[in-house]
Amino acid sequence: PEPRGWRTQIRNELGLVLRAGARTPYWRAHRHWDMRPGVALRLGNIFTDLTADATLRAGRLDSVADAAGLYVFVRGAIRAVGYDATLEGGMLSDDQVRTVKPRRITDEWELGLQWYQRSWAWRLSVVRRGNEIAGVPDSLGRQDFLRLSISYFPQ
């Protein structure tokens, strides 16, 4: 629906989200490739969802502190959505706001490259996030973007 002025916009409200997650240790099948599954739960008035994912890495995977390494990775995730305030509006909002219905099951894929050395890591990836809006064609609702992460870990 077309927005019709500020009175139909999603209202501001205080948000609280509790997040818990867990990952297994890497399952090393070979010296140069491994896999790591994980699960995460978000519970709150902005997001309530459950995500399961797995990351497969291939390349130099040394865990020696002074070693440099480079590897490629692919990550797949599936999310079960219970509530998404960014689409459905706030829990305390009225019925006058313009909202959409979320898809209850969404996916995300990421393909990338990571370089690391000592305390630094650079990660560049392409992400394809599945359509999150029910009733919208995938070609319009899907999100494709580049992600660059630079990490520093003091020793």
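What to note about this one:
- For the range 103-150, filtering for residues that are hydroxyl-bearing (Ser, Thr, Tyr), at pLDDT below 95 and not in a loop (DSSP other than H, G, I, E, B) leaves 2.
- Scanning the range 87-137 for residues that are among the aliphatic types (A, V, I, L, M) and over 30 Å from Gln155 (Cα atoms) yields a total of 10.
- Any hit, the range 47-58, residues being farther than 30 Å from Val136 by Cβ, among the small types (Gly, Ala, Ser) and touching a strand residue (DSSP E or B) at 6+ places or on another chain (Cβ under 7 Å): yes
- Qualifying residue in the range 34-55 (condition: open to solvent by 80 Å² or more (accessible area, probe 1.4 Å) and in a loop (DSSP other than H, G, I, E, B)): no
- All positions within the range 93-105 that are exposed (fewer than 12 other Cβ atoms within 10 Å of the Cβ) and among the basic types (Lys, Arg): none
- The lone criterion from (1) open to solvent by less than 70 Å² (accessible area, probe 1.4 Å); (2) at pLDDT below 90; (3) farther than 18 Å from Ile10 by Cβ left unmet by Arg31 is number (1).
- Checked against (1) open to solvent by less than 50 Å² (accessible area, probe 1.4 Å); (2) modelled with pLDDT under 95; (3) touching a Ser or Thr at 6+ places or on another chain (Cβ under 7 Å), Phe153 passes all but a single condition, namely (1).
- Yes/no for Thr99 being without any contact (Cβ under 8 Å) to a residue 40 or more places away in the chain, under 21 Å from Gly15 (Cβ atoms) and among the polar types (S, T, N, Q): no
- Of all the residues in the range 106-149, those that are over 18 Å from Arg75 (Cα atoms), open to solvent by 40 Å² or more (accessible area, probe 1.4 Å), without any contact (Cβ under 8 Å) to a residue 40 or more places away in the chain and of a type outside the set (Asp, Glu) number 7.
- Residue in the range 71-86 that is within 24 Å of Tyr152 (Cα to Cα), open to solvent by 50 Å² or more (accessible area, probe 1.4 Å), assigned to a strand (DSSP E or B) and β-branched (Val, Ile, Thr) present: yes
The values are calculated or read from the model by the stated rules, or taken from the named source; none is laboratory data. These figures come from a predicted structure and were not determined experimentally. Note: ideal-geometry Cβ built from the backbone for every residue, glycine included; neighbour counts use all protein chains shown. Note: accessible area is taken over every heavy atom of the protein model, side chains too, but ligands, DNA and RNA are not part of it. Shrake-Rupley method; radii C 1.70, N 1.55, O 1.52, S 1.80 Å.
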